[in-house]
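Asker: There's a structure below that I have some questions on.
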Amino acid sequence: MNIGIDAGGTLIKVACLKHGSLEFKKFPISQLEYVASWICGFDTAKICITGGKAALLKSSLNQEAAEIVEFEATCNGVRYLLAKNAISEDKFILTNVGTGTSIHHVDNSRQQRIGGTGVGGGTIMGLSQLLTGITDYEAIVALAVKGLRDRIDLKVSHIYAGAEPPIPGDLTASNFGNILPLVSTDQLTKEELLASVTGLVGETVATVSVLAAGQCGVSSIIFIGSSFIGNDLLKEVVQNYTKLRGALPLFIENGEYCGAIGALLYY
Ligand code: ADP
């Protein structure tokens, strides 16, 4: 059996290849010791680890494990999933929306990390907690999808009210920029606040990715990362905003496991 592990800032993603079939599991990073003892049960497995917490996890194992650089693993995992899904993209921007966001230019077999932003899934968790007190991921996602952003976010069309704007009126002029006219922010619901947090993150991630695509002369952007797990609102914001800004967004099934798959492919 081959096991690939991507130990990130928030989640540990595991890909196992057994008798030709691929299985996936994820654990919160707080369960690192548990994951180490679970892995120790597979004493004959070939193990490769990647991610920011790879060295820490490796030090908790009592068997041999290889370690590879996260960006290389992620890109190899993306290529594997593209081939498996018969998607023929070979030049694209790869945006990994994890705890933070990392942006890569992939051109056939070459990949280069071209930047990133600290705005990512961790921002959704942190700002949501600050604004609503909610810390559970599923609860945040479930409430955000029910919220409207009109009373919190300022659109270009709000500013140009009655006049023709020089850029699409649906673009956000200022995330959270519409709050000032409100009599009291107590009026805002948790749903509205969480929808606006999701909007801020999705639009930032889409915008930096589209700029990166322009800089690299490509039009397709592949979005991966656990921030999209069960989060259709984030997907929708990213998808619409990427299209609105002239690029082609793509999401791949199990994209959050690219790092773990890339680690698994090491052997
Ligand atoms: P990393 O590799 O940095 O751990 P991930 O790609 O795993 O990053 O993405 C982490 C993000 O995924 C979190 O910040 C959160 O937005 C989202 N997420 C998805 N599922 C969960 C979960 N069960 N618990 C916490 N965060 C989750």
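Asker: Tell me the per residue accessible area of the chain using a 1.4 Å probe; a whole number in Å² is fine. All intermediate terms of the calculation are to be shown ahead of the outcome.
Answerer: Values: 12780 Å² over 267 residues.
With all protein chains present, the chain gives 48 Å² per residue.
Asker: Still on this model: So, with a 1.4 angstrom probe, what is the percent of accessible area on the chain that is carbon and sulfur? All intermediate terms of the calculation are to be shown ahead of the outcome.
Answerer: Values: 6640 of 12780 Å².
Carbon and sulfur atoms account for 52 percent of the accessible area of the chain.
Asker: How big is D for segment 49-94, in µm² s⁻¹ as a whole number, if Stokes-Einstein is applied with the Kirkwood radius of its Cα pairs at 4 °C and 1.567 mPa s?
Answerer: Values: Rh = 12.3 Å.
Stokes-Einstein gives a translational diffusion coefficient of 105 µm²/s.
Asker: What net charge is computed for the residues neighbouring residue 146, neighbours being all others with C-beta under 11 Å from the C-beta of residue 146, Lys and Arg scored +1, Asp and Glu -1?
Answerer: -1
Asker: Let me ask something additional. Treating the beta-carbon of each Lys and Arg as +1 and of each Asp and Glu as -1, no other charges, what is the dipole magnitude of segment 116-251 about its Cα centre, to the nearest 20 debye?
Answerer: Details: 8 positive and 12 negative charges, 48 e Å.
Dipole magnitude for segment 116-251 comes out near 240 debye.
Asker: State the extension gain, in nm to one decimal, for the chain segment bounded by residue 182 and residue 37, taking 0.36 nm per residue of separation less the distance between their alpha-carbons. Before the final figure, lay out each step's value.
Answerer: Working: separation 145, 0.36 × 145 = 52.20 nm, distance 5.28 nm.
Taking residue 182 through residue 37 to full extension adds about 46.9 nm, to one decimal.
Asker: Here is a follow-up. Regarding segment 1-86, what are the three Cα extents along the principal axes, ordered largest first, in Å?
Answerer: 38, 28, 20
Asker: Give me the orientation-averaged projected area of the Cα convex hull of segment 196-260, in nm², one decimal. Walk me through the intermediate numbers first.
Answerer: Values: hull surface 17.2 nm².
Directional mean of the projected Cα hull area for segment 196-260 stands at 4.3 nm².
Asker: For an R0 of 45 angstrom, estimate the FRET efficiency from the Cβ-Cβ distance between residue 136 and residue 163 and round to the nearest 0.05. Don't skip to the answer; put the middle values down first.
Answerer: Details: r = 43 Å, r/R0 = 0.97.
Given R0 = 45 Å and the Cβ-Cβ separation, E is 0.55.
Asker: Note down the accessible area of residue 61, probe 1.4 Å, to the nearest 10 Å².
Answerer: For residue 61, the solvent-accessible surface is approximately 20 Å².
Asker: Where Lys and Arg each count +1 and Asp and Glu each count -1, what net charge lies around residue 178 among other residues with Cβ under 15 Å from its Cβ? Write down the numbers at each step before the final one.
Answerer: Details: positive: 149, 151, 155; negative: 150, 153, 170, 192, 203.
That sum, taken over residues with Cβ under 15 Å, equals -2.
Asker: Nearest 0.05, what FRET efficiency do residue 219 and residue 156 give at R0 = 25 Å with Cβ-Cβ as r?
Answerer: On the way: r = 23 Å, r/R0 = 0.94.
Once rounded, the FRET efficiency stands at 0.60.
Asker: Here's a follow-up. Just how much of residue 170 is accessible, in Å², when a 1.4 Å probe is used and the result is rounded to the nearest 10?
Answerer: Estimated to the nearest 10 Å², residue 170 gives 100 Å².
Asker: At 1.4 Å probe size, with no ligands or nucleic acids counted, give the accessible surface of residue 158 in Å², nearest ten.
Answerer: 80 Å²
The values are calculated or read from the model by the stated rules, or taken from the named source; none is laboratory data. In this text, all values refer to a predicted model and were calculated from it rather than measured experimentally. Cβ: placed from backbone, ideal geometry, glycine included. Neighbour counts: every protein chain shown. Accessible surface is based on the protein model in full, side chains and every heavy atom, while ligands, DNA and RNA are left aside. Shrake-Rupley method; radii C 1.70, N 1.55, O 1.52, S 1.80 Å.
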